[in-house]
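This report concerns only the one structure given below.
The values are calculated or read from the model by the stated rules, or taken from the named source; none is laboratory data. Nothing here was measured: the structure is a model prediction, and the numbers come from that model. Virtual Cβ from ideal backbone geometry, glycine too; neighbours counted across all protein chains shown. With ligands, DNA and RNA removed, areas are computed over all heavy atoms of the protein, side chains included. Shrake-Rupley method; radii C 1.70, N 1.55, O 1.52, S 1.80 Å.
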Amino acid sequence: NSRMNRIVHFEIHAKDLDGMQNFYQTVFGWDIKDMGPAMGNYRMVNTGTDAPGSKWPGINGGITPRHGASPLGAEAVNAFVCTIDVADVDAMIAKVKEHGGTIALDKMNVPGVGDLVYCKDPDGNLFGMLQPSAQ
């Protein structure tokens, strides 16, 4: 069987669902819908559509209530890290900081890939942002 198993959905865990929805809508422009009390106020996240010929097709996900404490900030990475394709990583770093996020690992150049930075959202979730190199 040559079928590869693709990641098809991500989840962001949050104590403050409204706050996390606002952060990701404001910073990245994602379309986020509250599914209501019957669905535990789960938020469906649509990150957009893939451009034809996109080098890195995207996925959609959700924001879910966090069960337990938020990360304190010194833990090792203990989950998958999602990386978001951005056009201008420096402008996005400023936007993340402006809306309560922090930088976890400074911007670095990955040869042949692009400029990569790791950030944390206001609830301590780690994510990456990548400005791809011109090909």
Exercise. Between the alpha-carbon centers of region 8-52 and region 58-135, tell me the distance in whole angstrom.
Key: 15
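Cross-link list LYS15/LYS55; LYS33/LYS107; LYS15/LYS97; LYS15/LYS107: which exceed 24 angstrom alpha carbon to alpha carbon?
LYS15/LYS55; LYS33/LYS107; LYS15/LYS107
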Quiz item: Considering only the chain, what is the antiparallel percent among its DSSP beta bridges, to the nearest 5?
Solution: 65
Practice problem: Using a cut-off of under 12 Å, list every residue of region 54-70 whose amide N is near the label point 7 Å from the Cα of ILE7 along the Cα-to-beta-carbon line. | Solution: 57-61
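For the chain, which whole-number percentage of the solvent-accessible area (1.4 Å probe, protein heavy atoms only) is attributable to carbon and sulfur atoms?
Values: 4680 of 8550 Å².
Solvent-exposed carbon and sulfur of the chain make up 55 percent of the total.
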Practice problem: Measure of size requested: the Rg and Dmax of the chain, with Cα atoms as the atom set and Å as the unit; please supply both. | Solution: 15.4, 47
